[in-house]
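Contents: one structure, followed by commentary.
The values are calculated or read from the model by the stated rules, or taken from the named source; none is laboratory data. Predicted, not measured: the structure shown is a model, and the values here were computed from it. Neighbour counts run over all protein chains shown; Cβ positions are idealised from the backbone, glycine included. We work out accessible area using only protein heavy atoms, side chains counted, and drop any ligands, DNA or RNA first. Shrake-Rupley method; radii C 1.70, N 1.55, O 1.52, S 1.80 Å.
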Amino acid sequence: MFMTFKRSSITLFLDPSYKEKIEYDRDKKVDIILSPSLYWVKKVTLPVKSVREVKKLLPSIFEDLLVSGHYSYSAYKTEGGFFIFAYEDKKVLELLSQNEISAADIKSVHFAQSEFKNLESAIKINEENSLYIQDETVVMAPTEWVKEPQDLDLSSLELSKHTIKLQQYGHIVKNSSLYKIAGVFIALIVLVGIEGFITSYKIGKVNDSKEELFSKYKLQSTMMQNRSTLERYKNIYKMQSSVREYISYFLGMRLQADQKITSMEYANKLLTVSISGVSKSNKKAILSVLDSKNVKYTTSLNKESLKVEMKI
C-alpha cells in the first residue's frame, strides 16, 4: 500500500496487496518503507561486535528459511542483539515499476521494522492488512484479527538512518559472480598493460637499432626512401648480372687462331661486341653459342669484322 503526505520529501509505504497505482508529485524524491511482506526478519544474538561481521553470516543463517531466489541481506544493531533481513531486490523493483517509480526518484529505502519499532497500537494498512508488534518484531496480520487499529499516518514519522540500496542487477548475477567477473577483467587489464609495456619497450629498442643502423650505413631518413633506393639497386644488380652473363658467353667461345674479340661496349641497355677474322662460312659456328642460350641478337658483317648487338 502507498500513502502520501505533503512534506519536503514524499514517504511511501510499499505493500504488494495494494492494487491501485499511486498518484503523487513526480517532481519530488520519495522515501520508501518496505512492508514486512517484502522481506524476512529475525532478531538474533551473535558472538560478534560489528554489523560488518554479522553480514558475512547472513546467507548461512537464512539458508533454511528462504525459498529459491536471489537475495540481498542487511542488518543493524539493537539492544540485546541484531535485527537481520533478507529480501529480493527483483521483487521490490518490479513492484516499484508497476507504480511507475524509477530508481532515480528514490531518496531512501527502509524496512517497516526500523520505522515502526515503537508502535503502541496496530496500524491499518488497508481493509485487509494491518501492522503490529509481536516479540519486538513488526509483523503483518489480517485486519480482522486486530482490535481497533489506527489509520496509517506518515506525516509526523521521523525516518531512521537504517537504509538499504536496491541492486538493480543483483537478481541477474550474484555478487560473488560479479566479483569473479570483475577479478577476471582486472587480471586482463593487468596482462594487457604488461604486454603493452613490453611491446612499447621492444618498439623502442627496434627504433634505437634502426637509428643506429641508418647512421652506420648512412641510410636515408625514412623507410620509404630506403625502399625506393633498394629497388633501384636491385634493378642495377639485375642489369649488371645480365651483362656479365652475356659477356661470359663471348668469353667462352672457342675462336680460331686468327679470330679475336676486338671490343665490348655497353650503353643504353645495349651490349655491342666486335669479333675480327670472321667470314661468312664460320660466322654460324661463332653464333651457335648464343643460339644455344636462346639469346636474342642482331649481327652485321663488314670486311671480316662481325658486330653483334644484344638488348639487355
Handout entry: Enumeration of residues in segment 133-152 that are of a type outside the set (A, V, I, L, M, F, W, C) and open to solvent by less than 70 Å² (accessible area, probe 1.4 Å)
Key = 137, 142, 143, 149
Fill in the blank from the handout: residue 17 meets each of (1) in contact (Cβ under 8 Å) with a residue 24 or more places away in the chain; (2) buried (at least 16 other Cβ atoms within 10 Å of the Cβ); (3) among the hydroxyl-bearing types (Ser, Thr, Tyr) with one exception, condition (2)
Exercise for the section: Go through segment 259-290 residue by residue and tally those that are in contact with a helix residue (DSSP H, G or I) (Cβ under 7 Å, 6 or more places away or on another chain) and either modelled with pLDDT under 85 or aliphatic (A, V, I, L, M) (or both). Expected result: 8
Problem - Single residue of 221, 228 found to be on the phi < 0 side of the Ramachandran plot and in a helix (DSSP H, G or I) - result: 228
Problem - Yes/no for residue 198 being over 30 Å from residue 265 (Cβ atoms) and either among the small types (Gly, Ala, Ser) or open to solvent by less than 100 Å² (accessible area, probe 1.4 Å) (or both) - result: yes
Practice task
Identify the single condition in (1) modelled with pLDDT of 80 or more; (2) outside any helix (DSSP H, G or I) that residue 170 does not satisfy, given that it satisfies every other one.
Solution key: (1)
Exercise for the section: Please specify each residue of segment 22-81 satisfying the condition of being part of a loop (DSSP other than H, G, I, E, B), within 18 Å of residue 134 (Cβ to Cβ) and of a type outside the set (S, T, N, Q). Expected result: 65, 79, 80
Practice task
Please give the number of the condition residue 155 fails out of (1) polar (S, T, N, Q); (2) open to solvent by 90 Å² or more (accessible area, probe 1.4 Å); (3) in contact (Cβ under 8 Å) with a residue 24 or more places away in the chain.
Solution key: (2)
Handout entry: Residue within segment 264-274 that is loosely packed, with under 12 Cβ neighbours inside 10 Å and assigned to a helix (DSSP H, G or I) present
Key = no
Completion exercise
Of those in segment 83-129 that are in contact with a Pro (Cβ under 8 Å, 6 or more places away or on another chain) and part of a loop (DSSP other than H, G, I, E, B), the residue surrounded by the most Cβ atoms within 10 Å (Cβ to Cβ) is 122
Exercise for the section: Collect the residues in segment 275-312 that are open to solvent by 50 Å² or more (accessible area, probe 1.4 Å), over 25 Å from residue 241 (Cβ atoms) and not basic (Lys, Arg), keeping them in residue-number order. Expected result: 281, 285, 300, 301, 302, 304
Handout entry: All positions within segment 58-72 that are within 10 Å of residue 84 (Cα to Cα) and either of a type in the set (A, V, I, L, M) or surrounded by fewer than 16 Cβ atoms within 10 Å (Cβ to Cβ) (or both)
Key = 58, 61
Handout entry: Of all residues in segment 201-221 being of a type in the set (Gly, Ala, Ser) and open to solvent by less than 90 Å² (accessible area, probe 1.4 Å), the one that is nearest to residue 232 (Cα to Cα)
Key = 215
Handout entry: Cross-chain or 6+ apart pairs with Cβ under 8 Å, segment 263-274 first and in contact (Cβ under 8 Å) with a residue 24 or more places away in the chain, then open to solvent by 60 Å² or more (accessible area, probe 1.4 Å) and among the polar types (S, T, N, Q)
Key = 274/262
Practice task
State whether one or more residues within segment 232-244 are more than 15 Å from residue 307 (Cβ to Cβ), among the hydroxyl-bearing types (Ser, Thr, Tyr) and surrounded by 13 or more Cβ atoms within 10 Å (Cβ to Cβ).
Solution key: yes
Exercise for the section: Scan segment 264-306 for residues that are over 15 Å from residue 253 (Cα atoms) and of a type in the set (D, E, K, R) and jot them down. Expected result: 265, 269, 280, 296, 303, 304
